[in-house]
Structures are given as C-alpha cells and as structure tokens.
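The values are calculated or read from the model by the stated rules, or taken from the named source; none is laboratory data. Remember, it's a predicted structure, so these values are computed and weren't measured experimentally. Cβ atoms come from the backbone with ideal geometry, glycine included; neighbour counts cover every protein chain shown. Ligands, DNA and RNA are stripped out before the accessible areas are found, and what is left, the full protein with its side chains, is counted by its heavy atoms. Shrake-Rupley method; radii C 1.70, N 1.55, O 1.52, S 1.80 Å.
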Amino acid sequence: MNMLSKHELEIEKYLSARRLDVLIRAGLVLALTALCYAIFSPFVSLMAWALILAVTLYPAHQKVARLTGGRQGLAATLLVLVGIVLIVLPTTVLMGALGDSVHTFIGQVRDNTLKVPAPAPSVAEWPVVGDKVYGLWSKAHEDLPAVIQGLQPKTGELARTAVGIVAAIGGSVLLFLFSFIIAGVIMAFGQAGAGSARSIFDRLAGTGRGERFAKLSTATIRAVASGVLGVALIQAIVLGLLLLVAGVPFAGALAALVLVLGIAQLPAALITLPVIIYIWVGGDYTTVMAIIYTVLLFLAGMIDNVLKPLMLGRGVDAPMPVILLGALGGMASTGILGMFVGAVFLALGYQIFMAWVKNNPDALPETVEGEAPVAD
C-alpha cells in the first residue's frame, strides 16, 4: 500500500511538472506572439494592401512574364513601373496641387489678401438660403477682414481640418506607393507564395481543404478588386458625360482624374466639389440649371457607394449576399481595406459553416432507390 502510494505520488509530481512546463511554454508562445504583433502592427495595412494588389494583378503579371520569356522578376518590375506611371504619379501631382492650393488659401486668409468676387444677382434668388448667402457674400466682397474676424474660431478649425485632410490623403498615396512596390516583390515569388498559402490553409482547416480555401480567398479578392476598377471606370464615364453636357472646361481631363482617383480609392468629390464651385461662381448658368447640375454632380460623385456592393461578388463560390455583407461590414468598420478583408473572412466562414452543416454525423445514411435504410 505504501509502495502504491509512493508510486502515485511520483506520478502526481510528474504530471504537475508537465502541466507547469506546458503552462510556461504556452506563456512564452503568447509573449512571443504579442511581441511579434507589436513589432509588425505598424505594417499590417501596408502588407495587407500589398497582398491584395499582388493577388489582383497576378494574372496580368503572368501574361507579362510569358511575353518576357518567363522572367518573373522582370515582369513584376515592369508591372510596378507601369502602375506607378499611370496611377501613383498623377495622383501625387494632383494631391501636391491640392496641398499647395490649401496652403495658399490659408495664407491669403491669414494675411487678409484674399479677394472675393462680387456675387451674381441670381444668388439672391436661391431658394431658402438665397438672401442670407447673398448678404454674407456681399459683405465678404466689401470687407473680407471683418467677416473673417467674426468667423475667426471657425476659420481656424476649418484650416486645421483642411490641412489634416490633405495630410491624410498624402499618407494614403504613400501607402499605396509602397504597397505597390511590395506587391511586385510578392508577385515575383508568386508560385512559392501560393504553395505557402495552401499549406497554411491545410494547417488551419485540415488537409485537403487548403486548395479550396486558397482559391476562394483569391477569387474573392479579385472579385472585390474588379468591382473597384469597374466602378471607377463607370463613375469616370458618367462624370465625363455630365461635365460635357454642363459645358465644363477640360471635361476629358477631369474624367481621367476621376478614374485615377477611383482606382487609388480616393473620393471623386475632390473633382466634383471644385466643379460645383465653378458652376456657381465662375460659370454662366441660371439658378435652375446650376441647381440641376449641382444635384447631378453630387449624385454622380456618390455613385461608387451604390455600384461597389453590386459588383463585388461576381465569380466567387459564395452567395452574393455573403460577399455584399462582408464587404459592407468590413468597410464600415475599417474602411476600404476592410472591404476586402471582410468579404474574404465572411466567404471563408460561410464555406466552413456549410461544410459543417453538410457533414452532420447524426444524419441518416443515403439509400439506394427502392431499398430501406438500415436500422441501428
């Protein structure tokens, strides 16, 4: 009895030591994971965008690689250079001009050198707010420093907001530029990366499912990206035609800028708002036509918010409502990047849930027609 008790005590000590060893190892793994995340967290958005761009552009990369004799690195370099020339450089120039304009405007307001043109008599005929706008505009034309002095707190807040918006847009352009470069590196090693992705999905979802989940993730990302590109093209065409009808100068160039902004995921309001200001201030339009064009330009500038959900789920092995909800939920929580991440995760979750429903261990076995099910 004593020998048995001693043996049991040794077993208990061994099990206690093993439990302590497992807890220490688990704690070290958690600490290492937290440390790795803290180091990598500043680059999460950058790497996520790079991965999205690489997956989206990989078919085009393979076509270029075939034309260059299978040289993956050269094809990736050429694709990145073309993307920088067609998208990043025009957007950077536009944002630089916008920043200079904002800086000049703030300087003129601060130094009281800003000149406001006299309002047109038709401004007083605007519905509801015409008289107030005409009175404030006339006062600004006659004595702008007095108006600015009365609006000093609001003016300072508006200036800070404008500078913050320009800085945020500039940061987005830089993020897109570096993401494009890293995407080129990922595409150059695309085959190895695809194998790694399948291995990761095999480890997470079980052997044999990695291939399916990898294809689903890739198709979802490409569908969302294609929806973004398609929406940008449609919005540029609609706004271009509207600008032509309205007789706005340089309508073609403005439409091209709308296309570039849409691809770079920047709002079309950067173009439509200055055009609306031109229509009211510098254009020769009646009040009714100015109101009509303002409403149409505003709606055309917001058309991407309607079209994106409708074009996101094409070519994906998941129902359209799943992709739509994932894209909208992700975009509502974390912005444009969340649109891709939300669609991918909800599509994967849907497939996993449906596989779990289908593989019900309590379901009766299927029987051949004419035979009765086998009783337990």
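I need the calculated FRET efficiency for the pair residue 43 and residue 360, taking r as the beta carbon distance and R₀ as 35 Å, to the nearest 0.05. Computed FRET efficiency for residue 43 and residue 360: 0.25. Note on residue 24 and residue 185: the extension gain reaches 54.1 nm, defined as 0.36 nm multiplied by sequence separation minus the Cα-Cα distance. Principal axis analysis of the Cα atoms in region 220-350 yields extents of 56, 22, 20 Å, listed in decreasing size. Figure note: 201, 213 ranked by solvent-accessible area, largest first, 1.4 Å probe, ligands and nucleic acids not counted: 201, 213.
Once all protein chains are placed together, residue 19 keeps about 130 Å² accessible to a 1.4 angstrom probe. Heavy-atom accessible area for residue 178, with the other protein chains in place and a 1.4 Å probe, reaches approximately 110 Å².
Approximating the spin labels as points 7 Å out from Cα along Cα→Cβ, the residue 5-to-residue 287 distance works out to 10.4 nm. Here the label points at residue 60 and residue 139, each 7 Å from Cα along the C-beta direction, are separated by 5.3 nm in the simple model.
Here each label is just a point 7 Å from Cα along the line to Cβ, and for residue 253 and residue 200 those points are 4.4 nm apart. Ordered by 1.4 Å accessible area with all protein chains kept, 180, 298 run largest first as 298, 180.
In the assembled protein chains, residue 139 presents an accessible area of approximately 110 Å² (probe radius 1.4 Å). Applying 1/(1 + (r/R0)^6) with r as the Cβ-Cβ distance of residue 178 and residue 12 and R0 = 41 angstrom yields a FRET efficiency of 0.15. Would you mind classifying region 214-289 by shape? Square roots of the alpha carbon gyration tensor eigenvalues, ordered a ≥ b ≥ c; an a/c under 1.5 is rounded, otherwise it is prolate if a/b is larger than b/c and oblate if not. Judged from the Cα gyration tensor, region 214-289 comes out prolate (a/c at least 1.5, a/b above b/c).
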